[in-house]
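After the structure tokens below, expect a handful of questions from me.
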Amino acid sequence: MGKRLYKLNQGRMLDGVCGGIAKYFGLDPTLVRLAWVLFTALGSSGMVAYFICAIVIPREPW
């Protein structure tokens, strides 16, 4: 089975989207969160993208 993208259950801030993306790509979650804030501040489309990701990306299995 290949690598899957999930929202994190532990270590999450809001819904675990940024942490899940960071884990998938092997990055630091803080960097992903800062990039997301910057993306949101520059055009506010980051907020819409976050909500879409929160709905579409499944929760990590326990």
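Hey, could you pull the Cα Rg and Dmax for the chain, both in Å?
Every Cα atom of the chain included, Rg and Dmax give 11.5, 37 Å.
Working out 0.36 nm times the residue gap between Leu42 and Trp62, then minus their Cα-Cα distance, what length gain in nm do you get to one decimal?
That pair, Leu42 and Trp62, stretches by 3.6 nm at full extension.
Given R₀ = 25 Å, what would the calculated FRET efficiency be for Ala49 paired with Leu27, taking r from the Cβ atoms and rounding to 0.05? List each step's numbers first, then the result.
Working: r = 17 Å, r/R0 = 0.68.
Between Ala49 and Leu27 the formula returns 0.90.
Additional query: Each residue of region 44-52 in order: what ³J(HN,Hα) in whole Hz does its phi give by Karplus 6.51 cos²θ - 1.76 cosθ + 1.60, θ = phi - 60°, with x for Gly and Pro?
Result, rounded to whole Hz: 6, 6, x, 5, 5, 4, 5, 5, 5.
Can you give me the % of accessible surface on the chain that is carbon or sulfur? Probe 1.4 Å, all protein chains present, nothing else counted. Could you put the intermediate results ahead of the total?
Details: 3140 of 4540 Å².
With neighbouring chains kept in place, the figure for the chain is 69 percent.
For region 21-31, what does the Karplus curve 6.51 cos²θ - 1.76 cosθ + 1.60, with θ = phi - 60°, yield as ³J(HN,Hα) per residue in whole Hz, taken in order and with x for Gly and Pro?
5, 5, 5, 4, 8, x, 10, 6, x, 5, 5
Give me, ordered by chain and number, the residues 5 or more places off Lys7 or on other chains with an amide H under 5 Å from its own placed amide H.
For Lys7, the qualifying residues are Arg59, Glu60.
Here's a follow-up. When only C-alpha pairs under 8 Å and at least 6 residues apart count, what is the relative contact order of the chain, in percent?
Worked out over the chain, it gives 37 percent.
The values are calculated or read from the model by the stated rules, or taken from the named source; none is laboratory data. Worth saying up front: this structure is predicted, and the values here are computed from it rather than measured. For neighbour counting, all protein chains shown are included, and Cβ atoms are generated from backbone atoms with ideal geometry for every residue, glycine included. Surface accessibility is based on the protein's heavy atoms, side chains included, excluding ligands, DNA and RNA. Shrake-Rupley method; radii C 1.70, N 1.55, O 1.52, S 1.80 Å.
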